[in-house]
1. Would you mind telling me which numbered condition in (1) at pLDDT below 90; (2) farther than 23 Å from residue A:263 by Cβ; (3) within 14 Å of another protein chain (Cβ to nearest Cβ) residue A:187 fails?
2. Given the criteria exposed (fewer than 15 other Cβ atoms within 10 Å of the Cβ) and of a type in the set (Gly, Ala, Ser), does residue A:179 qualify?
3. For residue B:222, state whether it is more than 17 Å from residue B:30 (Cβ to Cβ), in contact with a strand residue (DSSP E or B) (Cβ under 8 Å, 6 or more places away or on another chain) and among the small types (Gly, Ala, Ser).
4. Kindly provide the set of residues from region B:70-86 that are among the aliphatic types (A, V, I, L, M) and either buried (at least 21 other Cβ atoms within 10 Å of the Cβ) or within 13 Å of residue B:41 (Cα to Cα) (or both), ordered by number.
5. Assuming residue B:238 fulfils every condition listed in (1) assigned to a helix (DSSP H, G or I); (2) away from every other protein chain (no Cβ under 14 Å) apart from one, which condition is it?
6. Which members of region A:37-67 meet the condition of being within 14 Å of chain B (Cβ to nearest Cβ) and surrounded by fewer than 14 Cβ atoms within 10 Å (Cβ to Cβ)?
7. Go through (1) under 23 Å from residue A:142 (Cα atoms); (2) without any contact (Cβ under 8 Å) to a residue 60 or more places away in the chain and name the single condition residue A:87 misses.
8. As an exercise: evaluate residue A:117 against (1) closer than 22 Å to residue B:292 by Cα; (2) surrounded by fewer than 24 Cβ atoms within 10 Å (Cβ to Cβ); (3) modelled with pLDDT of 95 or more and give the number of the one condition it does not meet.
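The values are calculated or read from the model by the stated rules, or taken from the named source; none is laboratory data. Source: prediction; values computed, not measured. Cβ placement follows ideal geometry from the backbone for every residue including glycine, while neighbour counts extend to all protein chains displayed.
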Amino acid sequence: MSKVKKALESKLAITVFSIVVSFVVGAFFLAIMGISPIEAYAKLFSSIFSTPKNMAYCVVYGTPLIFTGLAVAFSFRTGVFNIGAEGQFVVGSMAACVVGILVPAPSIVLVPLCFIAAAVAGCLWGLIVAFLKVKWGINEVLSMIMFNWIAYYLSNYIAGFSLIHSDGNAEATKNVQDAARILFPESWRDALCPSSNWGIFVALAAVVVVYIILEKTTLGYQLKAVGFNRHAAEYGGINVSRNIYTAMAISGALAGIGGAVQLLGMGARISIFTSQESYGFQGISVALIGASNPIGVFFAGIFYGALKYGGSKLNLIGAPSEVVNIIMGTVVFFIAISHVFRFTRIRKSKKKKEGAQ
Amino acid sequence: MDAFINDLGIILYATLLYTPPLLFAAMGSCFSELSGIVNIGIEGMMTIGAFTSATVAYYTGNPWIGFLAGGLAGLAFGALHALATVNLGADQTISGTAINFLAPGVAILMAKALFNSSDTIPLDPTAKIPLLFSDVFTSGTVWSNFFKNVFNTYASTYLVFIVLIVVWFVFYKTRYGLRLRACGEHPATCATLGISVTRTRFSAVCISGFLSGLGGACVTMATMNQFRPTSIVGQGFIAIAAVIFGKFRPQGAMIACLLFGMCSGLKVVVGTSNAAVSAQLISMIPYVVTVIVLILFVGKSRVPAANGKPYIQAK
């Protein structure tokens, strides 16, 4: 147990170290542009922490990222790289949108229906890729990239249907019915922010479910075994193909639910895309920063959401919000090379031991 | 018949306009993947190349200096990826993801610093990559229009096919190419034969960045005339798909890139002439076609054996 604790601590230490370094790199770029890094970071942090409203926005921004982060983290642990969370998120969002606009039902029925539709859509989108991989051995990274774009254009196509397309000139769908929204009650939202919603609690529930599946069930054990060593798992009698299906189904459903949360909580409608919204790709960073651990992913999602929201306020002082991308990129880069630091630390401690002898 | 030839000419024109960025990047991807390093940072390297080339061409007024600068900017990020993955043994997918955040971030940030906008200032026609054979092919009859459409095109289009032949030659006819492919298959064996796996892979990933940067430059200096944050979106990933589709061979990747390029061309032609077919569905064609072709003809694409596995050379 103490060993596990130590490993976690060192991972956390590396993450914190990476974040600090990335802010230094960001400061360097701001300085090149002739913007005072201190002023910019002061604005960034005051936009995040100054009022309950701002902090609530950070949580709202972070919620969908927790889902895509969980989706990617789950796939990482089970030996598949789900670069397709982007597409699963989009089809999930669209499924929830169609149900949310068309099905006349009271809130108590409609909201779960929207979530189920989103989960099923995301799940199917993931299963197609798993099927192509198992049946024909098609490289999953390639097919996921294809299905991300197919989802993108499919969503744009469906958004054009007159049944759900906006009545006005807007290049978007109609708003979903109020009964489908998952916003907090009016009085709470006055205290927090206008888009505060129950999504964060759904995210918490998802974190718990994923944690239990991975750590406490036979299914999770098998999935992780395939993730560690496919051939050993197969030799040990685990059906690898079935595991790929299961992993992609669960991962896809998580990303799909993320799409529903974003729609029912924040957007209320789907606009015609002009570029990929990147929730899925950002989920990759979230999973990496959270060390593919469900609890880590939760905090990493909020962290990313906070930077996204804070970054959007940087324009007010003439600083570019892209500095956030540079910061996130640097964090991920340092996490990628982090084992170097760990390695040197082990060597040092070994040397110390030898010295003691 | 005349209308058909005319349409065909326009489709070929569009195909040859949209193919070069993909093909440059795909050749870059080949270099990296064949040496055993997964590079999903191609997208970011294209973006930084697109921005740098448009900016340098704007300030110098010389398209070729701009074009080269785009390649060098891609090379810089290639070197960063190489440092992380080859020398430090980092997870290659993670490092590539980082590049995809960093490079566009830097590009847009610098655009805002220099131009006060996320777009660069449009290039004069003289600062763009020149159109070749404008005097040779003139419009007139149906056939002369056809030839004008097909052959009176940007120099980058001609260049990319020349580079393709060079790349093929390097891979399959030179010692460096053999070593590079061997490093991707069995690095430990290479090391025992006295080949520096580290140096070979490092150079391959740098070349990968350079070619991707050139691909980005084709977008901003030929297809378009300025850099916008949406200039590249997804083309790097499509190039990677083309390489897997082409079974990690440059000539296979070329066919895939032409296919993707033609679909983009079809989108332009059909999108403008026929409103009955949804532009969204037409846009979907290249991706659906890829999947179907993979199922029907290609099957398993054989990935280089050591692809994605870090190799730290013993001292």
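1. (3)
2. Values: exposed (fewer than 15 other Cβ atoms within 10 Å of the Cβ): no; of a type in the set (Gly, Ala, Ser): yes.
No, not satisfied.
3. Yes.
4. Residues satisfying the conditions are B:73, B:75, B:76, B:79, B:80, B:82, B:84, B:86.
5. Every condition holds for residue B:238 apart from (2).
6. Listed by number, the list is empty, since nothing qualifies.
7. All conditions are met except number (2).
8. So the condition that residue A:117 fails would be (1).
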